[in-house]
Amino acid sequence: MSTDPGNTAAGAPDGPSPGRRHEPDLRAMTRINLHPIASPMPLGFFTVAIASVMTGCLQLGVFEAADRRAVALCVLPAFALQLLVSVLAFGARDVIAATLMGTFAGSWLAYALVTGTDAAGGHRVLGVFNLALLCFGALMALVTRPKRALWLVIVVSLPRWAATGLAGLTGAERLGQLAGALGLLVALVATYAAFALMLEDMRGEQVLPIGRSGPARTAVEGDLARQLRNLERQAGVRRTL
């Protein structure tokens, strides 16, 4: 048998065999467009703060038990706002912020529905739900340390989720009050983070300390080449998640 590529069977057409398609290298014609957006994180943190104040005041007894439905209705918009923040964060290629804000959105929706409808067993169900959030938050705290603003909001939320969960399961009034006080602390921390990030975005430089480190600091202070490094391997560009 001849291995000379110039020798072909009699009557066979030159070029590639039928059924096979040879496409040109498309890399030279490929363009990846990036769309800068305003940071959605201040909105996300302010939403956490306002919703935490409302739920914290209910737990502290500032509102009467009959006001639970009104509080639930006030918290319900937090679901839509934080869902929007999550979607924008995914578009900004920040999976950590997107995951956290999306989970917060789901938690506000669950709270508003259970509390607003006065569902049977709501206290116990929300107790287990908050303990599940506690496990989620502990895992998130392990990966968000370079993003200190996110990390701090999670860290102060952990004891609140624990106290709220235990209060729901045991019915202990003091645990509920502790959870309410911790909710106000979460609101303070989230408000500071939102204000600091908003000032930074408006002035183009850090005004209040946020404490970024590692990759989070490089992402803000690095040049464009660093932002685009390994872009072809990121979700939305690569072929699979």
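The values are calculated or read from the model by the stated rules, or taken from the named source; none is laboratory data. Quantities reported herein were computed from a predicted structural model and do not represent experimental measurements. Here the Cβ is made from the backbone with ideal geometry for all residues, glycine too, and neighbour counts use every protein chain on show. Accessible surface areas use protein heavy atoms only, side chains included; no ligands, DNA or RNA. Shrake-Rupley method; radii C 1.70, N 1.55, O 1.52, S 1.80 Å.
Taking the condition of being open to solvent by 10 Å² or more (accessible area, probe 1.4 Å), aliphatic (A, V, I, L, M) and farther than 21 Å from V95 by Cα, how many residues in segment 157-171 meet it?
So the answer is 4.
Among the listed residues L88, L134, which satisfies the condition of being out of contact with any strand residue (DSSP E or B) (no Cβ under 6 Å at 6 or more places or on another chain), within 30 Å of A38 (Cβ to Cβ), without any contact (Cβ under 8 Å) to a residue 60 or more places away in the chain and open to solvent by 20 Å² or more (accessible area, probe 1.4 Å)?
Going through L88, L134 in turn, just one is out of contact with any strand residue (DSSP E or B) (no Cβ under 6 Å at 6 or more places or on another chain), within 30 Å of A38 (Cβ to Cβ), without any contact (Cβ under 8 Å) to a residue 60 or more places away in the chain and open to solvent by 20 Å² or more (accessible area, probe 1.4 Å): L88.
Pick from L58, L76, L100: which is out of contact with any His (no Cβ under 7 Å at 6 or more places or on another chain) and open to solvent by 30 Å² or more (accessible area, probe 1.4 Å)?
Matching residue, one of L58, L76, L100: L76.
Being farther than 15 Å from A179 by Cβ, modelled with pLDDT under 95, open to solvent by 50 Å² or more (accessible area, probe 1.4 Å) and acidic (D, E) is true for just one of D67, D94. Which residue is that?
Of the residues listed, the single one that is farther than 15 Å from A179 by Cβ, modelled with pLDDT under 95, open to solvent by 50 Å² or more (accessible area, probe 1.4 Å) and acidic (D, E) is D67.
Residues A190, A216: which one is among the hydrophobic types (A, V, I, L, M, F, W, C), buried (at least 17 other Cβ atoms within 10 Å of the Cβ), out of contact with any strand residue (DSSP E or B) (no Cβ under 9 Å at 6 or more places or on another chain) and at pLDDT 70 or above?
A190
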